[in-house]
Amino acid sequence: MECLNISVKGKVQGVGFRPFVYNLARSLGVRGFITNTAEGVYITAEGGDISSFLERLRKDSPPLSSILSIDITPAGSEGYTDFSIRGSRELGGFTLVSPDVSVCEDCLRELFDPTDRRYLYPFINCTNCGPRYSITKAVPYDRARTTMDIFRMCRDCQDEYDDPMNRRFHAQPNACGRCGPGVELRVAAEGIRIHEKEGPVQAAIRLLEEGRILAIKGLGGFHLACDASNDKAVSDLRGRKRRNNKPFAVMAPDISAVKKFCHVAEKEEALLLSGKRPVLLLRKKEDDRLAAAVSPNNSHTGFMLPYTPLHYLLFYYPLSSVYEGGDRGISHFNALVMTSGNISEEPIVISNEEALAKLTDIADAFLFHDRGIFMRVDDSVMKVLGSATAESADAWAEEEAPAFFIRRARGYAPDPISLHEEGPEVLACGADLKNTFTLTKGRYAITSQHIGDMENFETLCFFEETLKNLKVVYRSVPEAIAYDPHPAYMSSHWALRQEGIEKYPVQHHYAHIASVMAERGIKEKVIGVAFDGTGYGDDGNLWGGEFLIADVTGFKRAGHIKYIPLPGGEMAVREPWRIALAYLVGAAGADLWDYIRPTAFVEKYGRERIEAILKISGMRDFSPLSSGAGRLFDAASALIGVCDRNTFEGEAAMALEALALDDLDDDYPVDIRFKEVTDIDFCPMILGILRDLKNQMDRRVIATKFHNTVSTAVLRTVVKLSATHNVRKVVLSGGVFQNAYLLGRVAHFLRYEGLEVYVNEIVPSNDAGVSLGQAYIIREKLKEGL
């Protein structure tokens, strides 16, 4: 009798894989057992239709699973009489941890079915949905290794858990209202009363309807919530959180509600409805009826759909008696603001105690629950390029339009990224803004969820606790650390403090380009265009408008935007009008004061202050040189009068992008000096903008001409470099390429020239992707002994 030992590696824990295998084996007369191991699942199978068993093992696997490999070894017959699921075994290697998954349609039907024993229970889940990564403390993935370990299942739940034919067979978070987590409403502000016999969810709904702000514990952390159509509530939330103009994320009850506020293309709708449920940036309709303070000075709003039972209850409790799927009619709210529950620039809050300590000055009340969150995971944020409503649809057909990340977290992390072949283990510490780290293991890279800006102790602690957890889960023992050479980065200081391990710096913009190369498995030479705000350059200046000839062995700087001083250093980043002044000096020279007049800078800031800024702009200690493309966008935004102060990173550039028109091809002159290191001078463009301002041209036209000019400059430079270096592959990365108009236009024209264009699709093109690029480069160097 044929007997096989089968090792399955991949995302096969917490996704209903063992119940699937059990039922498959029983249906085919196969006997033996399956067990979780630290590297996946282990199966011993004998008898029955083993060939069909092996074929269907991969073909019919559960939708949430992902099989990376199946290793089969012949074994001697053990005489098994049935097939069983055994307790987990500890073996070497590692397994993949499933990201958290939104509540499934089956559970939603039960949630709103008055005859179901889990009617209106906020923590309903099954093997196809619910928390995974956020509650996992260790592997193998069993209840005892999750934050559900403190809840002992009641008899009914245990029977479901033990029943191979039940949807909750071995569903580790399985629970009900008798034995599982519960919710509690706690009032923080004075004057709020909870009505007698009013349940916590009902009270939360009433308070939101009254314009109150609630801190709501979710899947991977707290949200701060309010009615998105209530101007006062949204303004109060913005003021209490000291958020200034940074957009809020919004949750709508269903896809029909989203379409009331924004344009939604087919691919965007599919993403919104997917089990990953990201926040998706969507183009606003003219009459979007949301509070103006939700996303001021922005053409897009970030929308997501509910992804936990508790979210659905906030919209529908107790309006629906039976859930029928699809649109459910009237809800309590058209939309709720659901922004990260944190103090600005700190990590998202995850415990009830931490919420009370940090959010009491913001929230009027707290909707708590007692299911622990082990790993804090913020919402993922994405945008689709080239959709029916995006800025440059010609770059991609809709079916292949990339959906790119602004923030990669819940629903996606810590999914592995294939590096296509085996390699050494590396830890890459990333950058300081939008930090992530990356571990490599075998043929994969595991990039962490969004950590945040490394500017305080709390974020460093989050970095360390997440790294510790993923090293344990993936049994990672790095043999080298990659880091950014910026001397002021906290992530780099942390890396350099680690003892007994080799450390390698990777230039910031090279890492941006390498992140795309890692996604696509590219090793050969590419032309890399890395456009961002600031990164430490090899010459000690601040780079950010870079053209690199790069492969996995190194890079050469082949061109860049002409250096300009940043008057006051970091102050110039916060006050872009200073950068505009620096460009004006370069463009106008002795005629500076004649050219300043159309900008209204004198009226706003006064001649004396402007002269002081001009004086320090020549002092390198106070005004470092920068080639940053992000700084060019800042300058143009201030010059046109769109935004002269950044209250959050990228605000001026985002406001400028919001003005760009789709149907205009005009541009300004630009001076490109082709030489060994090409120099791109945008001063002629600055003079053109000033002439248009003097002639009172529509700001939307000026903003569009600016975008077109930058696109043309990239095109001309890349085409020349391609001919000079005989390189056809072009990589576009860096935070500036999150500008959909710019990215779409540049990609379209480069493809028209017959070049191959690659962009980030698995990790963000902003600094959150840097760690993947660092890891890829150092891993390749170690592999080749370089």
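Read-outs: derived from the displayed coordinates by stated rules, not from any lab. For clarity, every value in this text was computed on a predicted model and none was experimentally measured. Neighbour counts run over all protein chains shown; Cβ positions are idealised from the backbone, glycine included.
Could you let me know the centre-to-centre spacing of the stretch 459-485 and the stretch 106-133, using Cα atoms, in angstrom? The stretch 459-485 and the stretch 106-133 have Cα centres separated by 35 Å. Sparse packing (at most 15 other Cβ atoms within 10 Å of the Cβ) combined with a DSSP loop state is found for the following GluC sites (Glu not before Pro) in the stretch 25-112: 78, 90. A crude spin-label estimate for the pair residue 694 and residue 443, with each label 7 Å from Cα along the Cβ direction, gives 6.3 nm. The residues 362, 194, when put in order of fewest to most other Cβ atoms within 10 Å, stand as 194, 362. Of the beta bridges in the stretch 183-383, as assigned by DSSP with both residues counted there, near 70 percent are antiparallel.
Phi angles of the stretch 37-50 translate, via the Karplus equation with coefficients 6.51, -1.76, 1.60 and θ = phi - 60°, into HN-Hα couplings of 10, 6, 10, x, 10, 10, 10, 10, 10, 8, x, x, 8, 5 Hz per residue; Gly and Pro are given as x. Bridge orientation summary for the chain: considering DSSP beta bridges with both residues in this region, about 70 percent are antiparallel.
Taking the three principal axes of the alpha carbon atoms in the stretch 581-687, the coordinate ranges are 41, 36, 29 Å, sorted in descending order. Absence of a disulfide-compatible partner, taken as no other cysteine beta carbon within less than 4.7 angstrom, is noted in the chain for 3, 107, 126, 157, 176, 226, 262, 429, 461, 643, 683. For the peptides 330-338, 473-481, residues were scored by their other Cβ atoms within 10 Å and the scores averaged per peptide; the highest-first order is 330-338, 473-481. Cα centroids of the stretch 170-200 and the stretch 22-64: 40 Å apart.
Exposure proxy shown here: for 609, 574, the number of other Cβ atoms within 10 Å sets the order, fewest to most, as 609, 574. Shape class for the stretch 183-383, computed from the alpha carbon gyration tensor (a ≥ b ≥ c): rounded, with a/c under 1.5. Reducing the stretch 641-688 and the stretch 229-254 to their Cα centroids gives an inter-centroid distance of 30 Å. Counting beta carbons within 10 Å around each of 675, 604 and listing the fewest first gives the order 675, 604. Each Lys or Arg adds one and each Asp or Glu subtracts one; over the other residues with Cβ under 14 Å from the Cβ of residue 448, this totals +3. Taking a ≥ b ≥ c as the square roots of the eigenvalues of the Cα gyration tensor of the stretch 195-307, is the shape rounded (a/c under 1.5), prolate (a/b larger than b/c) or oblate? Note, shape of the stretch 195-307 comes out oblate. Note on the stretch 3-85: Kirkwood radius taken over Cα pairs, Stokes-Einstein applied at 25 °C and 0.890 mPa s, translational D equal to 197 µm² s⁻¹. Taking Cβ atoms as reference points and 11 Å as the exclusive limit, the residues near residue 107 contribute a net charge of -1, counting Lys and Arg as +1 and Asp and Glu as -1. Computed on the Cα atoms alone, the convex hull of the chain gives a volume of 168 cubic angstrom per residue. FRET efficiency for the residue 464 to residue 144 pair, using the beta carbon distance and R₀ = 22 Å, is estimated at 0.30.
Can you work out D for the stretch 176-217 in µm² s⁻¹ from Stokes-Einstein, where Rh is the Kirkwood radius over C-alpha pairs, the temperature is 25 °C and the viscosity is 0.890 mPa s?
Once the numbers are plugged in, D ends up at 214 µm²/s.
Calculated on the alpha-carbon coordinates, the convex hull of the stretch 723-786 measures out at 110 cubic angstrom per residue.
Remark: the stretch 168-174, residue by residue, has Karplus-estimated 3J(HN,Hα) of 9, 4, 6, 7, 5, x, 3 Hz, where x stands for each Gly or Pro and the curve is 6.51 cos²θ - 1.76 cosθ + 1.60 at θ = phi - 60°. Near residue 757, the amide H atoms lying under 5 Å from its own belong to 730; only residues 5 or more places off or on other chains count, and H is placed 1.01 Å from N.
Give the shape of the stretch 665-747 as rounded, prolate or oblate, defined through the alpha-carbon gyration tensor: a ≥ b ≥ c are the square roots of its eigenvalues, a/c under 1.5 means rounded, and otherwise the shape is prolate if a/b is larger than b/c and oblate if not. Oblate, since a/c reaches 1.5 and b/c is not below a/b. In percent, rounded to a whole number, the relative contact order of the chain is 12, using alpha-carbon pairs under 8 Å and six or more apart.
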